[in-house]
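Presented below is the structure to which this report refers.
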Amino acid sequence: SAQAALMSFMGFVGSVVAGLLPGPVASWLGTSLAQPAPYWYILWLVPVTYLVISLVWTQSPPVYLEAPRTHGKASTRMPLALFCFFGLVTFLFAAGDGAVRAFFNVYLDADLQVSTSQIGMIMGAGQLIPVAVALVVPALVARWGTAGTLLFGALGAAVALLTLSGWPFLPAAAMGFIGVQSTSAVSGPARNIYGQE
């Protein structure tokens, strides 16, 4: 839950910064936002950031965990049918969430003619609201169980995707995107818990 909240918050920061950067970069380069150069230079921040993360990661101390003691006889059979089912569930969640993440900004830009800064703000809100939503997941799991929380996340994502795809105007698109991100903050941790169970 805390990990999902932190990832959502950092996604918010990244979305807002990414939405605001193209304008200043375009003016620094003496070009317009219709040209690819401002976006190309901004995309170079991603591998640079990953290099910095790699340097930080190599300096972190190792963590040693003790294997838990098992009581009784453990089964050695692999539950293949359960793995296949869980793989299908994970794929379906990732397909909806991934498609929205990949194409939402293109949809707003190309079809709805929304400015880059507005897209960044909407995507930032779509990352910030799930911070609070992710912190509610333990209470949802305590109340409905892991499977019930996962079902809630799936139904919520379906409603959000229908809202996003059903009405081609900005408020519906924004609400749909924020809904997909929020339900992902519920289903992600619930899916992790379910897989560990």
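Taken together, the values in this text are just the output of simple stated rules run on the coordinates, not laboratory data. Fair warning: this is a prediction, and the values are worked out from it, not measured in the lab. All Cβ positions, even for glycine, are placed from backbone atoms using ideal geometry, and neighbour counts span all protein chains on display.
Quick notes on this one:
- Paramagnetic reach from Ser117 in region 8-28 [backbone N under 18 Å; point 7 Å along Cα→Cβ]: 13-28
- Label point distance in nm, Leu20-Ala95, each placed 7 Å from Cα along Cα→Cβ: 3.8
- Size of region 5-45 as Cα extents on the principal axes (Å, biggest first): 38, 15, 14
- Theoretical gain in end-to-end length, Leu29 to Phe152 [0.36 nm per residue, Cα-Cα removed]: 39.5 nm
- For the chain, the membrane-span-like helices by this rule, meaning whole DSSP H stretches whose C-alpha atoms cover at least 30 Å of axis and whose Kyte-Doolittle mean is 0.0 or above, are 80-106, 116-166, 170-196; this says nothing about an actual membrane.
- Contour minus Cα-Cα distance for Leu135 and Trp40 (0.36 nm per residue): 30.7 nm
- Global form of the chain, assessed from the alpha-carbon gyration tensor, a/c cut-off 1.5: oblate
- Cβ-based charge dipole, region 65-191, positive-most Cα from Ala102, Ile122, Leu135: Leu135
- When only the Cβ of Lys, Arg, Asp and Glu is charged (+1, +1, -1, -1), the dipole of the chain relative to its Cα centre reaches about 560 debye.
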